[in-house]
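In what follows, a structure is listed as structure tokens, so that the remarks can point back to it.
The values are calculated or read from the model by the stated rules, or taken from the named source; none is laboratory data. Predicted, not measured: the structure shown is a model, and the values here were computed from it. When we count neighbours, we look across all protein chains shown, and the Cβ atoms used for this are built from the backbone with ideal geometry, even at glycine. For the accessible areas, the whole protein counts, side chains as well, though only heavy atoms, and no ligand, DNA or RNA atoms are used. Shrake-Rupley method; radii C 1.70, N 1.55, O 1.52, S 1.80 Å.
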Amino acid sequence: MNQPLLSVKNLSTFFHTETGVARSVDGVSFDIGAGETLGIVGESGCGKSVTALSILRLIQQPGRIEAGSRIEFEGKDLVTLDDAGMRDIRGNRISMIFQEPMSALNPVFTVGDQVAEVARVHGHGSRGDAWKRAVEMLALTGIPSPEERAKQYPHQLSGGMRQRVLIAMALMMKPALVIADEPTTALDVTIQAQILDLLKDLQAKFGTSILMITHDLGVIAETASRVLVMYGGEIVEEADVGVLFASAHHPYTEGLMNAMPQITEDRERLNVIPGTVPPPTAWPSGCRFRDRCQYAWDKCEREHPPLYQIGERHTSRCHLAVEPERRAHPHLPLVEQIGATL
Ligand code: SF4
């Protein structure tokens, strides 16, 4: 990769609570190139969204980005940038698309006003110009009759239309990077596909980079070229998307793959990884996945695995990289079936 657009180095974001320190993001490093889509996948509680919010410095007390973290973007370190500099970057050079369009939009303003507001906040043009650009952006996101729709309120639009409005807001200033946090989770399957296609089209048009945060490997397969798998506040596997789907290495990634919905002739099998993500105040010693891992042995409790290099651009935080023969002795199921007959 040439000079990355965003370079995150050793990012740690902890929440200092009364019950202990929650190490929600713990030493995460990655780069995003210009025009690239990087996916971050993992279950809820693995640190994906806190990573995204840290990049935009939207972490609330008692959370904080710890010393030693660096977030380099367009020549600036976002960890130490002053508040005015950060306000100029948010919504302008880096914007965010949230999961739940209804709560991300203000119910008392028209959608046109809310899209136009993005341009006004960043001091671009008159009120009339901002409105005109808002209508153009709504048209670009495929909203029919955008002049009329711009005068409507969020509750007058469907969930898919509201998500298009949020995409219009996110792309209004033609940012270099869009962070999309579960952008299709609240939508039904057909609309999900349309929204992902729209994001890809607009990315090609504007050359924007995308950080796609999702629990759904299907969304990663559709959109990303490279993927980070997060567990326990850490990256546990990183690879190009094709490599990950062809040869996932980490047992957690294997579990996520096997938990993808599979429809057979008469059944929809719903598989889940046994157990739950532990609280971030109490990550287990050694490997943080060991309580749920079918291959865990005593070394996994004793030694915290480093990110082992297992291919040219492929890393995995699992001791199986150096003791592959251990795969012959699974002692737990990889996934549990909770499937229902269709
Ligand atoms: Fe499983 Fe051990 Fe690998 Fe962790 S290090 S994922 S417990 S085999």
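For this structure, a couple of remarks:
- Full extension of the chain between residue 331 and residue 197 gives 44.1 nm of extra length, using 0.36 nm per residue less the Cα-Cα distance.
- Per-residue extension of 0.36 nm, minus the Cα-Cα distance of residue 282 and residue 31, leaves a gain of 87.5 nm for this segment.
- Inter-probe distance in nm under a simple model that places probes 7 Å from Cα toward Cβ, at residue 132 and residue 309: 5.5
- The relative contact order of the stretch 1-64 comes to 35 percent, based on Cα pairs under 8 Å that sit 6 or more residues apart.
- Accessible heavy-atom area order of 15, 109, highest first, probe of 1.4 Å: 109, 15
- In the structure shown, the pairs 48/132; 48/151; 48/174; 76/151; 76/299 are assessed against 29 Å; a Cα-Cα span above that value is assigned to 48/132; 48/151; 76/151; 76/299.
- Charge-dipole axis of the chain as Lys and Arg at +1 and Asp and Glu at -1 on Cβ define it, positive-most pick from 2, 204, 145: 145
- Leading residue at positive end of dipole, the chain (Cβ point charges), from 281, 260, 80: 80
- Counting only Cβ charges, +1 for Lys and Arg and -1 for Asp and Glu, the dipole size of the chain around its Cα centre is about 660 debye.
- Sorting 209, 225 on solvent-accessible area from highest to lowest, probe radius 1.4 Å, gives 225, 209.
- Distance from the C-alpha centroid of the stretch 211-228 to that of the stretch 95-133: 27 Å, rounded to the whole angstrom.
- Ordered by solvent-accessible area of protein heavy atoms (1.4 Å probe), largest first, the residues 319, 331 come out as 331, 319.
- Label-point gap, in nm, between residue 297 and residue 147 - each point 7 angstrom along Cα→Cβ: 7.2
- Think of the chain as a dipole: +1 on every Lys or Arg Cβ, -1 on every Asp or Glu Cβ, centred on the Cα centre; then among 44, 154, 172, 172 lies furthest on the positive end.
- Here residue 241 sits with roughly 10 square angstrom of accessible surface, probe radius 1.4 Å.
- Mean separation of Cα contacts under 8 Å, 6 or more apart, over the residue count of the chain: relative contact order %: 19
- Extension gain, residue 82 to residue 189: 0.36 nm times the residue separation minus the Cα-Cα distance gives 34.4 nm.
- By a 1.4 Å probe calculation restricted to protein chains, residue 94 has an accessible surface near 0 Å², given to the nearest 10.
- Gaussian network model of the chain, springs between alpha carbon atoms under 10 Å - residue of 83, 197, 181 with greatest fluctuation: 83
- Once exposed loop trypsin sites (Lys or Arg not before Pro) are cut out (DSSP; at most 14 other Cβ, 10 Å), longest piece of the chain: 152-312
- FRET efficiency estimate (nearest 0.05) - Cβ-Cβ, residue 106 to residue 16, R0 25 angstrom: 0.20
- Ratio of the Cα radius of gyration of the chain to 2.2 N^0.38 Å, where N counts its residues: 1.05
- Accessible surface of the chain, 1.4 Å probe, proportion on carbon and sulfur as whole %: 51
- Accessible area per residue, Å², the chain with all protein chains present, probe 1.4 Å: 45
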